[in-house]
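In what follows, a single structure is set out as structure tokens and then discussed.
Any read-out appearing in this document is the output of simple, stated calculations on the displayed coordinates, not a laboratory observation. If you're wondering where the values come from, they're calculated on a predicted model, not measured in any experiment. For neighbour counting, all protein chains shown are included, and Cβ atoms are generated from backbone atoms with ideal geometry for every residue, glycine included.
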């Protein structure tokens, strides 16, 4: 049975791109990147193998922001390139903190990242490298959420931890409603019925079909994975 407080062997971290901008309007907050890298390093020092997928919201808001002048497929490709920028930046921050990294891309761009190959990624994880998967699935019409589920399944991750700005899933937006209630756990079906924004429906459906656990927490709490102090929301199949 899934237990977030039990140390896992390998996990997927799906991290918000928007969080990387810190207090700024876009781009990277270097101090935040360094703090994030330190938290990931603390996990690897405990023996946890880490796969990371980053969003792109700090650089480009594809579906919403570009819809007036760019078609969906083109916008998705721009977003994929934004994830490459984020992956390279996080990789540099990790290496500066002494953590070996491999950035693997679903799009061919040999001068900045290796092409994602499953056996190569598994080998890197066994060698205790952090694997940062960028460029989504390499195809438009698939979000980074869907890519995170697909790559987590492909690389035998025990579960996905989605790091966001808030410490779990609430019945309403806690940034707007101070009385919002956080769930310790919630069934996928109930969350969808309530219209709660966890992941896109394709990602959730794939996770459900493959019994892949999802856990939502504050991005700043990811270093608490596998400890008694972990706080967030477990999304389960009823």
Across the stretch 201-237, which residue is nearest to residue 149 (Cα to Cα) among those that are touching a residue at least 24 places away in the same chain (Cβ under 8 Å), more than 15 Å from the chain's Cα centre (by Cα) and assigned to a helix (DSSP H, G or I)? 206
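Do we find that residue 121 is in contact with a strand residue (DSSP E or B) (Cβ under 6 Å, 6 or more places away or on another chain) and not in a loop (DSSP other than H, G, I, E, B) in this structure? Give the derivation first.
Numbers: in contact with a strand residue (DSSP E or B) (Cβ under 6 Å, 6 or more places away or on another chain): yes; not in a loop (DSSP other than H, G, I, E, B): yes.
In short, yes.
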Condition first: surrounded by 13 or more Cβ atoms within 10 Å (Cβ to Cβ) and either in contact (Cβ under 8 Å) with a residue 24 or more places away in the chain or under 17 Å from residue 237 (Cα atoms) (or both). Now tell me which residues in the stretch 171-188 satisfy that. 171, 182, 183, 185, 186, 187, 188
So how many residues does the stretch 141-160 have that are outside any helix (DSSP H, G or I) and over 19 Å from residue 56 (Cβ atoms)? 5
Name the single residue that is farthest from residue 16 (Cα to Cα) among those in the stretch 197-220 being surrounded by fewer than 18 Cβ atoms within 10 Å (Cβ to Cβ) and in contact with a strand residue (DSSP E or B) (Cβ under 9 Å, 6 or more places away or on another chain). 197
Identify, from the list 98, 138, the residue that is in a loop (DSSP other than H, G, I, E, B), out of contact with any helix residue (DSSP H, G or I) (no Cβ under 6 Å at 6 or more places or on another chain) and within 23 Å of residue 152 (Cα to Cα). 138
